[in-house]
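Data block below; observations after.
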Amino acid sequence: MAEQQQQLTSEDIIQEENLVFDRTQLLTDNVFHYCPGCGHGVAHRLIMEVVEELEVQDKAIGIAPVGCSVLAYNYMDIDMQEAAHGRAPALATGIKRTMPDKYVFTYQGDGDLAAIGTAETIHACNRGENVAIFFINNGIYGMTGGQMAPTTLEKMKSSTTPYGRNIKQMGNPLKITELVAELPGTYYVTRQAVHKPGAVRKAKKAIKKAFEYQKLEKGLSFVEIVINCNSGWKMEPVDANKWMDENFLPYYPLGDIKVPEKK
Amino acid sequence: MAKLQGRIVVDTEKCKGCGVCIPACPFDVIALADNVNSKGFHYAYMKNPEACTGCVNCALVCPDAVIQVYRKKATA
Ligand SMILES: Cc1ncc(C[n+]2csc(CCOP(=O)(O)OP(=O)(O)O)c2C)c(N)n1
Ligand code: SF4
Ligand code: SF4
């Protein structure tokens with residue numbers, strides 16, 4: 001027989017001691033300029049939650065990219081440096097080498113990291129710089145109006161591929177994360193997403209590992225986070241997340257690509 | 001027997017009405033309001049507050065980090 005449950009009122013429940021989820025203190029009060037439903041906000045929040053949990057706010061230095069997240073320093077309440085388009089891994093290299101006790105990370109879109117910044121990305125990974133790269137893949141150049149990126153899927157429409165990406169003409173979608181996993185300098189390489197509660201939990205664990213490996217001086221951690229660009233993809237946010245599940249993730253499957261060998 | 005009961009508090013002025021929190025909720029607690037905030041967004045609210053368990057799923061996926069979650073154990 002079903003037991004009669006006591007129904008608590010909102011006043012009973014909404015009390016300081018019952019608070020189980022709150023916005024991290026390491027996000028500033030500024031409202032994100034991102035489009036409604038854009039995954040950049042979740043990615044920002046998770047990185048700041050990890051920095052807060054590891055208590056390294058005064059030791060963390062982030063490098064902001066060029067792209068929609070160019071203003072990341074307005075939201076992450078830590079020391080940050082803006083890079084020229086694609087050059088974040090080079091800046092991270094310099095900052096980490098001069099201040100090895102800091103936790104240094106880059107935050108880069110797929111146009112930034114996998115197009116204009118390919119050289120910096122590959123060489124920082126190959127050198128095994130002791131930094132973290134957070135690679136935010138939305139399959140498109142969001143900021144400039146939804147042009148094709150190296151990561152754009154075959155047949156995917158963008159403002160520069162209105163009939164869909166034609167492989168013969170425009171080449172193959174670049175799996176740069178799999179590519180850097182082949183380089184000896186990368187220690188931990190993974191692909192995550194933030195569109196569902198379970199995915200968010202896993203993505204946060206991956207971000208945390210990247211910081212912990214940096215502390216242990218293991219070399220470069222590369223964490224791809226797939227997000228929607230609903231305005232660039234011309235979809236409602238919820239539909240964009242569904243489309244991502246059905247189309248984007250089969251080509252860019254989630255999970256670890258390179259994990260440290262167990263000794 | 002104890003049962004967890006929850007409530008969410010949405011910062012309605014900062015909510016962008018994206019609706020991403022709605023399918024994330026396993027108990028169909030959230031809907032978008034008919035009213036709009038000062039930016040014109042239909043903000044999220046609890047249409048079904050008694051069903052909330054405080055699982056935090058909605059807050060995990062909210063791109064704007066505008067959901068607070070409270071949870072309390074109720075005893076039978
Ligand atoms: C040297 C240089 N070339 C081109 C641009 C124009 N530009 C600005 S953002 C951008 C692409 C950004 O795309 P992505 O890195 O995928 O980030 P998103 O906006 O999608 O988050 C380009 C080409 C620029 N600002 N500087
Ligand atoms: S996910 Fe956040 S911003 Fe979007 S509707 Fe829900 S509360 Fe509002
Ligand atoms: S805390 Fe869980 S049950 Fe409550 S509204 Fe959010 S997702 Fe639904």
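The values are calculated or read from the model by the stated rules, or taken from the named source; none is laboratory data. These figures come from a predicted structure and were not determined experimentally. Ideal geometry is used to build each Cβ from the backbone, glycine not excepted, and the neighbour counts take in all protein chains shown. Ligands, DNA and RNA are excluded from the accessible area calculation, which covers all protein heavy atoms including side chains. Shrake-Rupley method; radii C 1.70, N 1.55, O 1.52, S 1.80 Å.
Hey, what's segment B:4-68 come to in accessible area per residue, 1.4 Å probe, Å²?
Heavy-atom accessible area per residue stands at 41 Å².
In terms of solvent-accessible area of protein heavy atoms at a 1.4 angstrom probe, what is the ranking of A:V20, A:V194, highest value first?
A:V20, A:V194
Counting only protein heavy atoms and using a 1.4 Å probe, what share of the accessible area of the protein assembly as shown belongs to carbon plus sulfur, as a whole percent?
Carbon with sulfur: 52 percent of the solvent-accessible area.
Regarding segment B:4-68, what are the three Cα extents along the principal axes, ordered largest first, in Å?
34, 20, 17
What do you get for Rg/Rh over the protein assembly as shown if you use C-alpha atoms and the Kirkwood form of Rh?
Working: Rg = 20.7 Å, Rh = 20.8 Å.
We get a ratio of 1.00 for the protein assembly as shown.
Kirkwood Rh over Cα pairs of segment A:112-226 into Stokes-Einstein at 25 °C, 0.890 mPa s: D in µm²/s?
Calculated translational D: 164 µm²/s.
What distance in nm lies between label points placed 7 Å from Cα along the C-beta direction at B:D28 and A:K215?
Calculated label separation equals 4.4 nm.
When the chain is fully extended, how far beyond the present Cα-Cα distance does A:H123 get from A:M99, taking 0.36 nm per residue of separation?
Stretched fully, the A:H123-A:M99 segment lengthens by 6.7 nm.
Which semi-axis lengths, in whole Å and largest first, follow from the square roots of five times the eigenvalues of the Cα gyration tensor of segment A:178-233?
Result for segment A:178-233: semi-axes of 24, 15, 8 Å.
Pulled fully out, how much extra length does the chain show between A:K234 and A:N172, if you take 0.36 nm times their separation in residues and subtract their Cα-Cα distance?
Using 0.36 nm per residue and subtracting the Cα-Cα distance, I get 20.1 nm.
Take B:A51, project a point 7 Å from its Cα along the Cβ direction, then tell me which residues of segment B:1-32 have their backbone nitrogen under 13 Å from it.
Answer for segment B:1-32: B:22-32.
Which of the residues in segment A:24-55 show a loss of at least 20 Å² in accessible area from their chain by itself to the complete set of protein chains, at a probe of 1.4 Å?
A:D29, A:V31, A:F32, A:P36, A:G37, A:V42, A:R45
Quick one: accessible area per residue over segment A:34-254, 1.4 Å probe, rounded to a whole number of Å²?
Accessible area per residue: 40 Å².
Once the Cβ-Cβ distance between A:D245 and A:L71 is put in as r, and R0 is 25 Å, what FRET efficiency do you end up with, to the nearest 0.05?
The value I calculate is 0.30.
At a probe of 1.4 Å, how much accessible area disappears from chains A and B on forming the pair, both sides counted, to the nearest 100 Å²?
The summed interface area works out to 3200 Å².
Could you tell me which trypsin sites (Lys or Arg not before Pro) in segment A:6-61 are loop residues by DSSP with no more than 13 other beta carbons within 10 angstrom of their beta carbon?
Within segment A:6-61, no trypsin sites (Lys or Arg not before Pro) qualify (loop, at most 13 other Cβ atoms within 10 Å).
Leaving ligands and nucleic acids out of the surface, order A:T106, B:T75 by accessible area at 1.4 Å, largest first.
B:T75, A:T106
Determine the dipole magnitude for segment A:7-107: charges of +1 sit on the beta-carbon of Lys and Arg, -1 on that of Asp and Glu, nothing else is charged, the reference point is the Cα centre, and the result goes in debye to the nearest 20.
Dipole of segment A:7-107, to the nearest 20 debye: 920 debye.
Using unit Cβ charges (K, R positive; D, E negative) and no other charged atoms, how large, in debye to the nearest 20, is the dipole of chain B about its Cα centre?
Taking the Cα centre of chain B as origin, the dipole is about 280 debye.
Which value, in debye to the nearest 20, describes the size of the charge dipole of segment A:34-254 about its Cα centre when Lys and Arg Cβ atoms bear +1, Asp and Glu Cβ atoms bear -1, and nothing else is charged?
It works out to roughly 480 debye.
What do you get for GluC sites (Glu not before Pro) in segment A:7-101 restricted to DSSP loop and a cutoff of at most 13 other Cβ within 10 Å of the site's Cβ? Write down the numbers at each step before the final one.
Working: sites: A:E11, A:E16, A:E17, A:E49, A:E52, A:E53, A:E55, A:E82; in loops: A:E55.
Here the GluC sites (Glu not before Pro) that fit, given the DSSP loop and packing criteria, are A:E55.
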